[in-house]
Amino acid sequence: MGGRCGRPFPVYANLVPNLLAAHEGNLSERDATVAHVLATAAGYSYSDIETMASIMSRLGLEENSCVRVEQTVDAMFIFSTAYLVQSRCGRVVILSYRGTEPDSLGNWLTDADVGSASLALGGETLIVHSGFYRNVRATQRAIINELHLALRGRSLSKPKRILKYPMQALYVTGHSLGGAMAALFSLSLAGRTEERAITDKLRAVYTFGQPMAAGEPLPEVARAVAQKVYRHINACDPVPALPPLAWGRFAHFGHEYRFVNGEWKSSDKPVAQLKGFSEIPRSLLAFFATTKRRNASRYSMNDHGPHHYISALRPKDQITEFGDQA
């Protein structure tokens, strides 16, 4: 459980009311507070559970319940980890998927395991990235069980404890691979009538540096959920243009926002797939280049880091999760 924070925290004094108000009606525009909070959650999904609970307390979810769901099967390229953070009152739950860990060869092999899997949606099927979807399926049942606890007004960290409210708003997020998993998890709910109670509470899905995870076209039953997806892309981040076209045809869905010249702008035209893999080695080299050369590069893996997304999304009048204004 997350604790209480002293000054200068919390970052957002009225975070629960803000999250309850956001995306209640108009779905066309992203919410700056939600974007910053979820980017931070996505970034700290790479950490341990104590750090995650602490950071979410600092943001404004003091005394939260934090649960980690994970499954690892090396030989099957399954490295699936997700956190669920529940507000003290029970009204808000954030589901945050961990992305590709830089030092994990297995994670990178998962990203490369494109293949072709089918996601059943209301009598139709959607072609999806097999490696991403396998990792979603690995922890999906356990996550849904946790969400049903939240719907019944139970504490996720102490299930016998009854909270003041049941879950009223669910947000799903993730960075990199975690973003793809967040998007696929949410889509998978669309065709499942038995999970209608969860889908009805889904306010929005915010992803950061997310690769493409599905083919086209989206089945009709999935379009309402797809319109709740808000993808954020740093200008030189190569990952949203992956996997390359040579590995299969994929596309983005939902709303896209790009960070260009110091501000986030809506883009009517989603990022297109790279034609080949040749740009990726150059983007990796740009990571180690001088600032001048890095800025001149079309792509740089430096822009993919979760800390860069958190920094770019933090409103200028808000302190950081460290309590400063850096």
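In the chain, the DSSP beta bridges split such that about 55 percent are antiparallel, to the nearest 5. Measuring gaps between exposed loop sites in the chain (trypsin sites (Lys or Arg not before Pro); DSSP loop; at most 10 other Cβ atoms within 10 Å), the longest gap, sites not included, is 5-159. Positive-end ranking of 73, 46, 36 along the dipole of the range 1-102, with charges on Cβ about the Cα centre, is headed by 36.
Give, in nm to one decimal, the length gained when the segment between residue 318 and residue 124 is fully stretched (0.36 nm per residue of separation minus the Cα-Cα distance). Show your work: numbers first, answer last.
Details: separation 194, 0.36 × 194 = 69.84 nm, distance 4.49 nm.
Contour length minus Cα-Cα distance gives 65.4 nm.
Fully extended, how many nm does the chain gain between residue 72 and residue 47 (0.36 nm per residue separation, minus their Cα-Cα distance)? Additional length available on full extension: 7.4 nm. For the range 10-52, GluC sites (Glu not before Pro) meeting the loop criterion (DSSP other than H, G, I, E, B) and having at most 13 other Cβ atoms within 10 Å: 24, 29.
Available extension along the chain between residue 1 and residue 14 is 2.7 nm, counting 0.36 nm per residue and deducting the alpha carbon span. Counting only lysines at least 8 places from residue 275 when in the same chain, those with an alpha carbon closer than 30 Å to its own are 228, 265, 292. Counting only Cβ charges, +1 for Lys and Arg and -1 for Asp and Glu, the dipole size of the chain around its Cα centre is about 460 debye. When the residues 200, 303, 317, 237 are ordered by accessible surface, computed with a 1.4 Å probe over the protein chains alone, the sequence from largest down reads 317, 200, 303, 237. Reducing the range 26-63 and the range 215-259 to their Cα centroids gives an inter-centroid distance of 22 Å.
When a/c is below 1.5 the answer is rounded, else prolate if a/b is larger than b/c, else oblate, so apply that to the chain with a ≥ b ≥ c taken from the square roots of the Cα gyration tensor eigenvalues.
Taking the square roots of the gyration eigenvalues as a ≥ b ≥ c, the chain is oblate.
Taking all protein chains as they are arranged and a probe of 1.4 Å, the heavy atoms of residue 311 leave approximately 80 Å² accessible to solvent.
Think of the chain as having a plus end and a minus end, set by charges on the Cβ of Lys, Arg, Asp and Glu; of 16, 93, 142, 16 sits farthest toward the positive end of this dipole.
The values are calculated or read from the model by the stated rules, or taken from the named source; none is laboratory data. For clarity, every value in this text was computed on a predicted model and none was experimentally measured. Virtual Cβ from ideal backbone geometry, glycine too; neighbours counted across all protein chains shown. These area figures cover heavy atoms from the full protein model, side chains too; ligands, DNA and RNA do not enter into them. Shrake-Rupley method; radii C 1.70, N 1.55, O 1.52, S 1.80 Å.
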